[in-house]
Amino acid sequence: MIKQLVAVVLGVCVLSVTSVGAKAMELPNFPFVIGNGEAERQVKPDMAKIHLSLRGNHADSEVAATRVNNALEQVLVAVKRHGLDESVIEATDLQKNAQWRRAGDSKPTEIIGYSVSREVTLHLDNLDKYASLMSDLVVINHMARSHSSFDVSNREQIKAELEQEAGKKAREKANRLASSLGAKVVSIYAVGEGRAFDSLMASFGPNPDYSPRRDYALASSAESHDNTPMFIPKSLPVSAAVSAVFKIE
């Protein structure tokens, strides 16, 4: 009875030793407690991916394709102008879709033109040229959409350090919970990356998603051919979470 009471108060979950989160889960035959730990660090980004969508529309598919090819050529010129190698460019094959005239019932009746497109990604391993390069790219005609994503080159190293910190927090939390009921942690039973056992604890209440606020800094460059302002995040969150099940007595 005491064993059951402790397990319920601290959060009993059904669990399999061999496969955490697997379909077959069995209740351990001892009282246990779940400890979750999280760690986060704000890190200045040092690399970026610039995603471009090139698109040409025209009644003549050759003209549409030419517009996309010309836009890609301007991307190549901009890359070389800023001293970057063509190897930073990754591009998909051309894609072509017919544009149809539709009747009142929305059924296509005849082709009235073509849309030709190509997705391009630029990989920058440093941000020194980002502002001036983007100033050149955004004024290219027939570029339907662009956006940038940022990252840190040593993310895995930082995450490994944060996992150590999160693991310690998970054990400290388990110790506090066990101690609050006059018990103590004696060994670890299972561990998972992230909040591995949240679904098992759903009856105790939801865990709302947290979206950290991100500040941006102006990325200015004297090499830019115009005064278009470009912004880079001041920092990016790198985080780790560890969830563990501990045997208590």
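Can you tell me the relative contact order of segment 47-151? Whole percent, Cα pairs under 8 Å, sequence separation 6 or more. Mind showing how you got there, number by number?
On the way: 192 pairs, mean separation 49.8, N = 105.
Relative CO of segment 47-151 lands at 47 percent.
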Could you tell me the largest-minus-smallest coordinate of the C-alpha atoms of segment 139-196 on each of the three principal axes, in descending order and whole angstroms? 70, 21, 17
Computed on Cα atoms only, the convex hull of segment 47-151 has an orientation-averaged projected area in nm² of 7.6
Kirkwood Rh and Cα Rg combined as Rg over Rh, evaluated for segment 28-101: 1.38
When the Karplus curve 6.51 cos²θ - 1.76 cosθ + 1.60 is applied with θ = phi - 60°, which whole-Hz ³J(HN,Hα) does each residue of segment 69-75 get, with x for Gly and Pro? 5, 5, 5, 5, 4, 5, 5
Once you charge only the Cβ atoms, +1 for Lys and Arg and -1 for Asp and Glu, what is the size of the charge dipole of segment 47-151 about its Cα centre, to the nearest 20 debye? 420
Can you list the lysines whose alpha carbon is less than 27 Å from that of Lys49, not counting same-chain residues fewer than 8 positions off? Lys80, Lys96, Lys129, Lys159, Lys234
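If packing is taken as the average count of other Cβ atoms within 10 Å, what order do 181-187, 241-247 fall into, highest mean first? Display every interim value, and only then the final one.
Working: 181-187: 13.6, 241-247: 22.9.
My ranking of the peptides, most packed first, is 241-247, 181-187.
We did not get these values from a lab; they are worked out from the coordinates using the rules stated. Source: prediction; values computed, not measured. Please note: Cβ atoms are built from the backbone with ideal geometry, for glycine as well, and neighbour counts cover all protein chains shown.
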